[in-house]
Amino acid sequence: MLSEKEKNEIETELKQYEHKRAACVEALKIMQHSRGWVSDDGIHDLAGILGMTPDELDGVATFYSLIFRKPVGRHVILICNTISCWVMGYNQVLRSLNERLGIGLGDTSADGRFTLLPVPCLGACDQAPAMMIDNELYGDLTPEKMDEILGKYSWERD
Amino acid sequence: MERPLTQHMRPDGKALSLQEYEKTGGYQAARTALKMAPEEIQAMVKNANLRGRGGAGFNTGLKWSVVPMGDDAPRPKYLITNADEMEPGTFKDRMLMEGNPHQLIEGMIISAFAIQAGISYIFLRDEYRTAAKRVAAALSEAYDNNCLGKNIFGSGYNLELHLHTSAGRYICGEETALLNALEGKRAIPRTKPPYPQVSGLWGKPTVVNNAETLSNVPHIVKNGVAWYKGLSRSQDGGTKIYGVSGRVKRPGLWELPMGTTIRELFEEHAGGMQDGYKFRCLIPGGASTEFLTGEHFDVKMDFDSVMKAGSRLGTGAMIIIDDKTCPISVLYNLEHFFAHESCGWCTPCREGLPWVEKLLKAIEEGQGQPDDLEKLEMHGEFLWLGKTYCALAPGAMEPLRSGLKLFKEDFERHINEKRCPYGNGRIF
Amino acid sequence: MATIYIDNKPYEVKDGNNLLHACLSLGFNVPYFCWHPAMHSVGACRQCAVKQFKDEKDTRGRIVMSCMTPASDGTRISIDDPEVKAFRASIIEWFMTNHPHDCPVCDEGGECHLQDMTQMTGHVYRRFRFKKRTYNNQYLGPFLTHEMNRCIQCYRCVRFYRDYAGGRDFDVFASHNHVYFGRHEDGVLQNEFSGNLVEVCPTGVFDDKTFNKHYTRKWDLQTAPSICVHCGVGCNTIPGERYGRLRRIRNRYNGEVNRYFLCDRGRYGYEFVNSDRRIRRPLLRPTPHDGDSSGGESTVAGEEALRHIADLLYFGAGVIGIGSPRASLEANFALRSLVGPEHFYSGTSDTDSRLVAMIIDILSKGPARSPSLLEVESADAVFVLGEDVTNTAPVLALALRRSARQKPMEAARKQHIPCWDDAATRNAIQDAKGPFYIAAPYSTRLEDLSAHSYHAAPDDLARLGFAVAHELNKALPYVEGLPEQVRSLAGSIAGALKDAQRPLIVSGTGCGSEAVIQAAADIAWALSNGGRRADLCFTAPECNSLGLGLMGGHSLDGAFRAVQEGAADTVIILENDLYRRADEGAVNNFLGRVKHAVIIDHLTTPTSHKAEAALPAAAFAEADGTLVNSEGRAQRFYQVFVPEGGIQESWRWLRDIMITTRRAYAREWENPDAVMAALAEALPVFKQIQDIAPPAGFRIAGMKIPRQHQRYSGRTAMFADITVFEPRPPKDPDSPLSFTMEGYQGRPPSPLIPRFWSPGWNSVQAVNKFQSEVGGPLHGGDPGKRLLEPAEVKEIPFFKAIPGAFVSRKGEWLFIPVYHLFGSEEMSILSPGIAELSPRPYLGLNLEEANNLQVSAGEEIEVNVNGAVYQLPVRHVPGLPAGVAGLPAGLPGVHKATLPAWGSLSKTSGMVEVV
Ligand SMILES: Cc1cc2nc3c(=O)[nH]c(=O)nc-3n(C[C@H](O)[C@H](O)[C@H](O)COP(=O)(O)O)c2cc1C
Ligand code: SF4
Ligand code: FES
């Protein structure tokens, strides 16, 4: 079941387009924003208001890398693994994240706090290596900076 | 030196508000343009030789001139800003949208008017969350101040402008895939012909332009063709937002005359190599361009000159590779990106790129075989323009083809010594 | 015409096609995957590459996709150029990086397009040394297997399922080299044409699950050209048999009829042939009239049965024959000859007989023409009146999906997009709808196409139809008292039809309403006025309804009367279960009154249980014969295999009865040719059926055409467990086909094509080699002869009797039939998969009506109609008008025969009141 808030936000998006299905990516993101990910039931519910079948919507949802069709942690870390970041020390940054969170790429930490995903070029090449946590971009990363950054997302602060 | 696109941006990097933008002369060009004949604007932009900043460098005015005009043209027509910016190494559109979203909006109003579009979209990549916020804020200011919507500036012209944010996938930046994405379909490219200008979004005439391209338009209208051409040091009009990233002292973005040399960019602006590193090679315009070397430092960074040097200007975003980084692993990193971002529609791209990626990985990890180079060359030849469905795979082959020549020795050493001679086989 | 140069030789090709189409039509072997002759080009697989040169001087050329390049005048290409050959081989090499190479255990093996193309390109050695990608498979229902690892991502499956057949529960998921073709979640595929994926998929991702249960390789199947017997469309099929079992049905291309596709009823309905309910030996059963009530029955030899029947005919007090719309012309005619025309009854209900006779009349006495399905596809404005086409004539519905696109295609044409550029055409059209109108008693599966759908009771549908006719020709009567919206709808429909180049009216017997059929005729006739072409397409209830109708004969009620009045005491029933034709009481009464009932059928039925003698008839795959489809096209089907036991064709039984009863002329009926000749003489309307196909004596270079593939294996060992002597293959005196692998190996005349195969082309795609042009007619013309052509008339015999508006009744409902692809047809429901997917009997009401009655879906309610009482659960049937209730047509347990009819409903607690 869609929440009222989700419904309203989707209604607003629908107004931008002449055809309902055009709003499907936005609708998926609205759901993901409020729930963290898009479940099978979620696909059914959204398909209904978009005039699509679940198959059609899922065909689009699974095309994109930033629509999560599996549960993710409370915070999603998108670490840029593309050329500039990679040249500038992606590997060290990744290793320090692996060590601190105890997870590899694609995993969610045991406490359900973080999911670590690779992302192609974040468009922050001048601050390479870079990563994004939720909506926040972090550049010029070094292993040393990790504790402070991850600390912002610690239990106490939520 | 004039830097029309960036000179008014705030030093703190925050976005110019509508008021601030208008103080710098903003929306004057739109007011002028809405009184002109659409074809007149098209001609102006064409004569200014504004070439597409999305990478292909097509003359923007010429692109517009194919759109059916007149009363019996199909409607609605669409203008779309391509702000998907996922070409590795590229971050210029982000800066333009974060720093001066109204400049883009004004460019879109004029351009939309020039093709008599009624609806327009900004197609923005998902990760640009700050840009999304600022563009959205600017849009609502623009609507509130009659810059958008019905009867803009009392001209009788109406334009809807919406922001669409995507959900990851490089292929969405390919202009025809972008149309499918906007329609809520899987972002598979379309064939050309028919060109989008004739049969685009929802089958209606559509122009897709890069964000930087459209940000130039107000300045052309405001200051004229001669002025615009005068900004450039080459045949191509205007300035260019160049970027340098990688192993340099001061990575960044600079608005400079079109045709600024690689040397100036690399040495003066980016400050040259970081201490302790030597220059090995560079990719001039995003991941899908061919490597250039030290021999090419005096090449001018404009479309024709870089082409002559054997590469492409692309997005004008240079990536500098140092001597300590293994070039095979650089190639591996690039091909990993392309393989992962293939849309999965055409065979050579979908199946060929993962093979290339696996070969490079094997070579880098010391498991290369002598005939692997032959296989890589086969891909370089067959994943080429016209043989694949869209330009993604050929783009992926540009660094590979040049890399196979340029790093021949490195390849051979990896295979013969069964290890990475740099000892830093940094595969993720 | 255009001249193109292929490897420097000039060729003439038709204008407006692409190079792949042109090359294949010229007979060149250019490999391809994503292109399909019915679904055209999208340029995804890149397999069909050729090299194109600008002009004579251009020696470098560039690689282009032949499917995406117009074959325009002066085009110069090379197929043999070394670079492009290497490129094509590398495409296969890429596919093979992930393909499992499991051909030995793959059902597709030996008829695999991927195998063929691999051979064709010459890719041989594996160079890819890394891990393969693997997928999970899905459960897709009783008809299709799913083995995704074999997928080569040509996208044909989604393109067929979604774009071509209108399905929406199947799609492509994920991206890059993880793309996946399937459903959002496991489950039965919902589209009526899903079985075509078997033929559309170039590899073994989708295979036939029913075939899988008794699998053999394609080359080990004995095959012959056949016709589907599960509805009136008459799709051409290729059934395959081995070891006495029918194992599968494949599509047989006929450019005018089904072309490339079948519906799932047609593909999977074949299992009745292997059913336990077959009558395999003659049976005699003492009847109460003989004073024996033991009820025991005994199988007897054919001669004994024949003698018994001959005795009945000698000593009885008159015999009548009841024919059947599911039996061949030959069988019906043999019965008619045996009993005499005046004692021949068509064996269909009063309503069906009247409706079919009316359709024949309309198509032969008026100016409108019944179109072939190919012609249906090119109609640019369509009005469907009173018919649930998807469930009564499924492949017609598929053709209508094409017609619905005709008008919207203009947008693409305006943008200079060639019609074969499928993706671009779809982008240009988007979801624009053409002038496609549906008026039906309930909501149907074509409504996604329609500009407007109207639901009403049959009489009201007819009134809309007459109103449209009036709009087209004001001299026709004005429909009084029509609601304003309906009148304006009539205006728009009339306008759209008038504006069209090729207007088409579709109607049929589905509503059981004469008025609906008459209204459809009036519209088509009004359009035809002035010599303009208007097509009128009627559906017919069964595979030989029109053939039987053309033969004449009284309806079943006539037979009942004859016996009632004592004119006869013996009846011979041909391939007919009377309980499907009339009310139970009436049939019981009839069978109780006749002293001797003889049945000739392939299945035991409630009717056969009551017969004194039963003769085992050959099912379609065991017989030769002729059927007339709803277009009026007479088509020949051939025996696929010789059945075990005492089974023979119905007409042969009837002939044997005639011989036993000393009718000398019957001795001449040695093969179907002789029966047909006699039929043509007796009833000249059938004259042309003799020309459908070559006669039995036809030979090519002295040879017959083999039903077995040249690679047929194990022939000498097949019966080794029984005898080591190789049995002699059965003789076929009936046709130019033989039951062996020896014979003429070239391309046979089109009506005799037993399989599509050509060297190097083992998959269904071999059909290209049998067509005069890709997608065009088969070499020598598409098989079948049209028996009905419009008449040149001075005065069009318009119908002028307009029914009154439907008035709902207090406490009563008009019960109409609701059709089901799976379930409404008698024989196909014996296939387990079809039985599984067919509904249980139900009472259909629209939601509002159900709410008014305070009954919810699933709740049982008592239905009282035509004297029968049923307890049925309520089911929501969208669109059913108020005052109208639906009963599933033809489902075992519900009688459709005399619908529409008025009846009542009552809840167990008492009568339901109309609110
Ligand atoms: C794989 C691929 C990705 C692309 N991504 C982008 C992009 O992110 N932004 C962009 O402006 N152009 C991108 N392009 C180029 C566009 O297809 C198109 O040429 C451009 O948006 C046209 O705008 P312009 O004429 O203003 O340059 C991409 C092209 C390809 C083949
Ligand atoms: S499933 Fe078959 S038809 Fe569909 S894309 Fe894969 S190989 Fe092609
Ligand atoms: S780039 Fe996607 S398949 Fe060609």
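The values are calculated or read from the model by the stated rules, or taken from the named source; none is laboratory data. Since the structure is predicted, the reported quantities are computational estimates derived from the model, not experimental observations. Neighbour counts run over all protein chains shown; Cβ positions are idealised from the backbone, glycine included. Accessible surface areas use protein heavy atoms only, side chains included; no ligands, DNA or RNA. Shrake-Rupley method; radii C 1.70, N 1.55, O 1.52, S 1.80 Å.
What do you reckon, is C:GLU12 open to solvent by 10 Å² or more (accessible area, probe 1.4 Å) and within 11 Å of chain B (Cβ to nearest Cβ)? Step through it out loud before you land on a result.
On the way: open to solvent by 10 Å² or more (accessible area, probe 1.4 Å): yes; within 11 Å of chain B (Cβ to nearest Cβ): no.
Criteria not met by C:GLU12.
Only one residue in A:GLY51, A:GLY89 is modelled with pLDDT under 95 and more than 7 Å from chain B (Cβ to nearest Cβ), so which one is that? Break it down stepwise before answering.
Details: A:GLY51 fails: modelled with pLDDT under 95.
Going through A:GLY51, A:GLY89 in turn, just one is modelled with pLDDT under 95 and more than 7 Å from chain B (Cβ to nearest Cβ): A:GLY89.
Condition (residue is within 16 Å of ligand 2 (Cβ to nearest atom) and either more than 14 Å from chain A (Cβ to nearest Cβ) or farther than 16 Å from B:ALA287 by Cβ (or both)) applied to the range B:376-387: is it met by at least one residue?
no
Answer yes or no as to whether A:GLY123 is away from chain B (no Cβ under 11 Å) and closer than 29 Å to B:PHE338 by Cβ. Quick ask: steps written out before the conclusion?
Values: away from chain B (no Cβ under 11 Å): no; closer than 29 Å to B:PHE338 by Cβ: yes.
Criteria not met by A:GLY123.
Sort through C:VAL205, C:VAL158, C:VAL179 and tell me the only one that's within 13 Å of ligand 2 (Cβ to nearest atom), at negative phi, free of Cβ contacts under 8 Å to residues at least 60 places away in the same chain and more than 14 Å from chain A (Cβ to nearest Cβ).
C:VAL205
Which residues, taken from the range C:75-99, are open to solvent by 40 Å² or more (accessible area, probe 1.4 Å) and either touching a helix residue (DSSP H, G or I) at 6+ places or on another chain (Cβ under 6 Å) or more than 10 Å from chain B (Cβ to nearest Cβ) (or both)?
Those that are open to solvent by 40 Å² or more (accessible area, probe 1.4 Å) and either touching a helix residue (DSSP H, G or I) at 6+ places or on another chain (Cβ under 6 Å) or more than 10 Å from chain B (Cβ to nearest Cβ) (or both): C:ASP80, C:PRO82, C:LYS85.
Can you say whether B:GLY423 is at pLDDT 95 or above, assigned to a loop (DSSP other than H, G, I, E, B), out of contact with any strand residue (DSSP E or B) (no Cβ under 7 Å at 6 or more places or on another chain) and away from chain C (no Cβ under 12 Å), as far as the supplied structure shows?
No; evaluated as a whole, the condition is false for this residue.
Pull up the range C:40-74, narrow it to residues that are open to solvent by 10 Å² or more (accessible area, probe 1.4 Å) and among the polar types (S, T, N, Q), then point me to the one that is nearest to C:ASN18 (Cα to Cα).
Per the criteria, the residue is C:THR69.
Checking the condition within 16 Å of ligand 1 (Cβ to nearest atom), outside the structural domain of C:PHE33 (by TED's automatic domain parsing) and modelled with pLDDT of 95 or more, which residue from C:HIS146, C:HIS176 passes?
That would be C:HIS176, the only listed residue that is within 16 Å of ligand 1 (Cβ to nearest atom), outside the structural domain of C:PHE33 (by TED's automatic domain parsing) and modelled with pLDDT of 95 or more.
Just need a number here: residues in the range C:9-37 that are farther than 15 Å from C:VAL64 by Cα and free of Cβ contacts under 8 Å to residues at least 60 places away in the same chain.
Of the residues in that region, 8 qualify.
Mind checking which residues of the range C:450-493 are without any contact (Cβ under 8 Å) to a residue 60 or more places away in the chain, farther than 21 Å from C:LEU880 by Cα and in contact with a strand residue (DSSP E or B) (Cβ under 8 Å, 6 or more places away or on another chain)?
The answer is C:SER492, and nothing else.
Among the listed residues A:GLU99, A:GLU56, A:GLU6, which satisfies the condition of being in a helix (DSSP H, G or I) and buried (at least 22 other Cβ atoms within 10 Å of the Cβ)?
On the way: A:GLU99 fails: buried (at least 22 other Cβ atoms within 10 Å of the Cβ); A:GLU6 fails: buried (at least 22 other Cβ atoms within 10 Å of the Cβ).
Going through A:GLU99, A:GLU56, A:GLU6 in turn, the sole match is A:GLU56.
Can you list the helices (runs of 4 or more DSSP H) lying wholly within the range C:258-376 that have 1 or more residues being within 19 Å of the chain's Cα centre (by Cα) and closer than 30 Å to C:PRO790 by Cβ?
Correct list: C:264-268, C:329-339, C:350-365.
If a residue must be more than 14 Å from chain C (Cβ to nearest Cβ) and within 13 Å of ligand 1 (Cβ to nearest atom), how many such residues does the range B:396-416 contain?
Residues flagged as more than 14 Å from chain C (Cβ to nearest Cβ) and within 13 Å of ligand 1 (Cβ to nearest atom) within the range B:396-416 amount to 1.
Could you list all residues from the range C:859-888 that are in a strand (DSSP E or B), among the hydrophobic types (A, V, I, L, M, F, W, C) and open to solvent by less than 60 Å² (accessible area, probe 1.4 Å)?
C:ILE861, C:VAL863, C:VAL865, C:ALA868, C:LEU872, C:VAL874, C:VAL884, C:ALA885, C:LEU887
If you take just the helices (runs of 4 or more DSSP H) that sit entirely in the range B:264-366, which of them hold at least 3 residues that are open to solvent by 10 Å² or more (accessible area, probe 1.4 Å) and more than 8 Å from every other protein chain (Cβ to nearest Cβ)?
Of the helices (runs of 4 or more DSSP H) lying wholly inside the range B:264-366, those with at least 3 residues that are open to solvent by 10 Å² or more (accessible area, probe 1.4 Å) and more than 8 Å from every other protein chain (Cβ to nearest Cβ) span B:303-308.
What residue, of B:GLY237, B:GLY184, is more than 16 Å from ligand 3 (Cβ to nearest atom), on the phi > 0 side of the Ramachandran plot and not polar (S, T, N, Q)?
Details: B:GLY237 fails: on the phi > 0 side of the Ramachandran plot.
Selected residue: B:GLY184, the only one of B:GLY237, B:GLY184 that is more than 16 Å from ligand 3 (Cβ to nearest atom), on the phi > 0 side of the Ramachandran plot and not polar (S, T, N, Q).
Within the range C:178-214, count every residue that is within 16 Å of ligand 3 (Cβ to nearest atom) and surrounded by fewer than 22 Cβ atoms within 10 Å (Cβ to Cβ).
2
Which of (1) farther than 16 Å from C:ASP81 by Cα; (2) more than 16 Å from ligand 3 (Cβ to nearest atom); (3) among the β-branched types (Val, Ile, Thr) does C:VAL50 not meet, given it meets every other one?
(1)
Has the range A:12-24 got at least one residue that is farther than 16 Å from B:HIS164 by Cα and either at the interface with chain B (Cβ under 9 Å from one of its Cβ atoms) or open to solvent by 50 Å² or more (accessible area, probe 1.4 Å) (or both)?
No, the range A:12-24 contains no residue that is farther than 16 Å from B:HIS164 by Cα and either at the interface with chain B (Cβ under 9 Å from one of its Cβ atoms) or open to solvent by 50 Å² or more (accessible area, probe 1.4 Å) (or both).
Residue check: is C:PRO730 exposed (fewer than 14 other Cβ atoms within 10 Å of the Cβ), modelled with pLDDT of 95 or more and within 31 Å of the chain's Cα centre (by Cα)?
Working: exposed (fewer than 14 other Cβ atoms within 10 Å of the Cβ): yes; modelled with pLDDT of 95 or more: no; within 31 Å of the chain's Cα centre (by Cα): yes.
Here the answer is no, as C:PRO730 does not meet what is asked.
Taking into account only those residues within the range B:136-191 that are surrounded by fewer than 18 Cβ atoms within 10 Å (Cβ to Cβ) and hydroxyl-bearing (Ser, Thr, Tyr), which is farthest from the other protein chains (Cβ to nearest Cβ)?
Here the residue is B:SER155.
Evaluate the range A:72-89: report whether one residue or more is β-branched (Val, Ile, Thr), in a helix (DSSP H, G or I) and touching a strand residue (DSSP E or B) at 6+ places or on another chain (Cβ under 8 Å).
Yes; the residues of the range A:72-89 include at least one that is β-branched (Val, Ile, Thr), in a helix (DSSP H, G or I) and touching a strand residue (DSSP E or B) at 6+ places or on another chain (Cβ under 8 Å).
Check whether at least one residue in the range C:518-537 is among the charged types (D, E, K, R), in contact with a helix residue (DSSP H, G or I) (Cβ under 9 Å, 6 or more places away or on another chain) and surrounded by fewer than 19 Cβ atoms within 10 Å (Cβ to Cβ), and report yes or no.
yes
Within the range C:690-727, how many residues turn out to be open to solvent by 60 Å² or more (accessible area, probe 1.4 Å), at pLDDT 95 or above and of a type in the set (D, E, K, R)?
2
Got a number for residues in the range B:161-201 being away from ligand 1 (no atom under 14 Å from the Cβ) and in contact (Cβ under 8 Å) with a residue 60 or more places away in the chain?
2
Could you please let me know if B:ALA393 is of a type in the set (A, V, I, L, M), facing chain C (nearest Cβ under 8 Å) and closer than 25 Å to C:PHE173 by Cβ?
Considered against the rule, which asks whether it is of a type in the set (A, V, I, L, M), facing chain C (nearest Cβ under 8 Å) and closer than 25 Å to C:PHE173 by Cβ, B:ALA393 comes out as no.
Could you list all residues from the range C:599-652 that are assigned to a loop (DSSP other than H, G, I, E, B), in contact with a His (Cβ under 7 Å, 6 or more places away or on another chain) and more than 28 Å from C:VAL257 (Cβ to Cβ)?
Scanning the range C:599-652 gives a single hit, C:GLU612.
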